[in-house]
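Note sheet for the following structure.
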Ligand SMILES: *Cc1c(COP(=O)(O)O)cnc(C)c1O
C-alpha cells in the first residue's frame, strides 16, 4: 500500500461552499481588484483581528518587504539576519541596499542585539530583523540601538501572524512590520502579504507605492510597483480569518504533543518559545544534536523514506547563497550560532489537519 505523503505544512482551506457567496458577490459587482470592497473589508478586519492601527494589503510578502524599504527611503547598509527565508535579504538587493549579516541568539535564533552595534557603519540606515518561527525578537533592545544611531527598523514578521507579547501585537514594534499570507503560512490568502503601519500618512504612501505611485488619475509621485491584492484573495482572507481560532487551537495541541513526547529523547531539543503571550505555532523546529543516533540529515532522510517531508528551515543560510557569500559579513566565523543552528535544525510537520496517528508515527520514528 502506497503511504500517504506528509509535508511540513498543508495549506488550510475552509469548506468550499463557504467561499461560494464571496465569489458570487465578485461576479455580481464585477470589481476584481484596485482596492475593491473585499480589499477594504479585509484591511479593516485584519486591523481588528491583529490589534493594529493600519494595514496595507499586498499581493505577496516579498513585494511588501521591498515596498516597506522604499516607503521609508532605506538606502546604504541594512543589518539583517542570515537565518531566514531568502526573500528577507533579496528585498534589500531589489532596493539596492547592502545586507550586513549579524549572528543570531542561540535561544530564539533571532538577530542578536548584542552583536548589532559592532556592525553599524556611517552607511547603516536600518535594521531588518525577522521574528523567526513566530518567536518575538528582543524588540526593546533593537529599538534602543535604533534610537541611539537613528536607524529605521522594519520587522519581517512573515512568521508572526497573530503573535502577541505582554504589550499586545508584536506587529506594533519598529517603524513597519511585514506579513506574508503565502499558502504555506499560518494564515493564507493563496498568495498575499501586508504591511502593518503606525499612522495613516505612512499607510497612504504605501498604498500609492503598491499602485505604481499613482495618487490620483493623473499624478504619479514615485516609481511604484504593482503589488495590489486582488478581490479573490481578499475575500478568501476574510473567510479564512473566521477559521483562525480552530486553526490556532489545533496547532497548539500538536505543538504540545510534540514537546511532551520528544522531551528526554537523546540529542533532540525542541526550540523553546520566545516569551510570547500568544503564540501561533507556525513551525515546529527541533535541533538534532550529536547525542542523537542519527545526524540531522540522517533523520531527515529516514523520515523522507517513510513519506514524511520535514524541512531544514533554515539551511543553507542566506549568507551561503551565491549572491551573498562574497559579502564580508557572510563568513561562518561571523555567523557561528546561525551556522550551528542551520546544521542541526529540522522543522517537523505541523498543520491543522495533521492526523493524530500521523503525528505519532513521526514521533515514533524519531524515538526508535
Ligand atoms: C514566506 C516568507 C517571506 C516571503 O513571503 P512571500 O509571501 O512568499 O513573498 C519573507 N520572509 C520570510 C521570513 C518568509 O517566511
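Please treat every number below as a calculation from the coordinates, not as lab data. From a predicted model like this one, the values you see are computed outputs, not experimental measurements. Glycine also receives a Cβ, built like all others from the backbone with ideal geometry; neighbour counts cover every protein chain displayed.
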Can you give me the Cα centroid spacing of segment 342-368 and segment 234-261 in angstrom? 17 Å
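Tell me, what are the semi-axes, in whole angstrom and largest first, of the equivalent ellipsoid of segment 159-229 as set by the roots of 5 times the Cα gyration tensor eigenvalues?
Numbers: eigenvalues 137, 55, 10 Å².
So the equivalent ellipsoid measures 26, 17, 7 Å along its semi-axes.
With a 10 Å Cβ neighbour count serving as the proxy for reagent exposure, in which order, fewest first, do 131, 182, 243 appear?
243, 182, 131
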Cα radius of gyration and Dmax for segment 1-84 (Å): 18.7, 57
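Evaluate the Kirkwood expression for the hydrodynamic radius of the chain, namely the inverse of the mean inverse distance over all pairs of different C-alpha atoms, and round to one decimal in Å.
Averaging 1/r across every pair of different Cα atoms and inverting gives 21.3 Å.
From the C-alpha coordinates alone, can you work out the Kirkwood hydrodynamic radius of segment 61-163, in Å?
Values: mean 1/r = 0.0749 Å⁻¹.
Here the Kirkwood hydrodynamic radius works out to 13.3 Å.
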Sort all Cα-Cα distances of segment 120-183 into consecutive 5 angstrom bins from zero, then give the percent of pairs in each bin up to the one containing the longest distance. 4, 19, 30, 22, 14, 8, 3, 1
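How would you order 138-150, 60-72 from highest to lowest mean count of nearby Cβ atoms within 10 Å?
Numbers: 138-150: 14.7, 60-72: 24.6.
With the highest mean Cβ count within 10 Å placed first, the list reads 60-72, 138-150.
When the chain is fully extended, how far beyond the present Cα-Cα distance does residue 333 get from residue 23, taking 0.36 nm per residue of separation? Mind dumping the intermediate values first?
On the way: separation 310, 0.36 × 310 = 111.60 nm, distance 5.35 nm.
Stretched out fully, the residue 333 to residue 23 stretch lengthens by 106.3 nm.
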Protection proxy ranking of 167-177, 109-119, 18-28 - average other beta-carbon atoms within 10 Å, highest first: 167-177, 109-119, 18-28
Fewest to most Cβ atoms within 10 Å: 207, 320 sort as 320, 207
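Where does each of 180, 230, 342 land when they are ranked from fewest to most other beta-carbon atoms within 10 angstrom?
Values: 180 29, 230 21, 342 24.
Ascending number of Cβ neighbours within 10 Å: 230, 342, 180.
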Over segment 1-150, with a single point scatterer placed on each C-alpha, what log10 of the ratio I(q)/I(0) does the Debye formula yield at q = 0.12, 0.19 1/Å? -0.72, -1.22
Starting from the Kirkwood radius over alpha-carbon pairs of segment 244-367, derive D by Stokes-Einstein at 25 °C in a medium of 0.890 mPa s and give it in µm² s⁻¹. 156 µm²/s
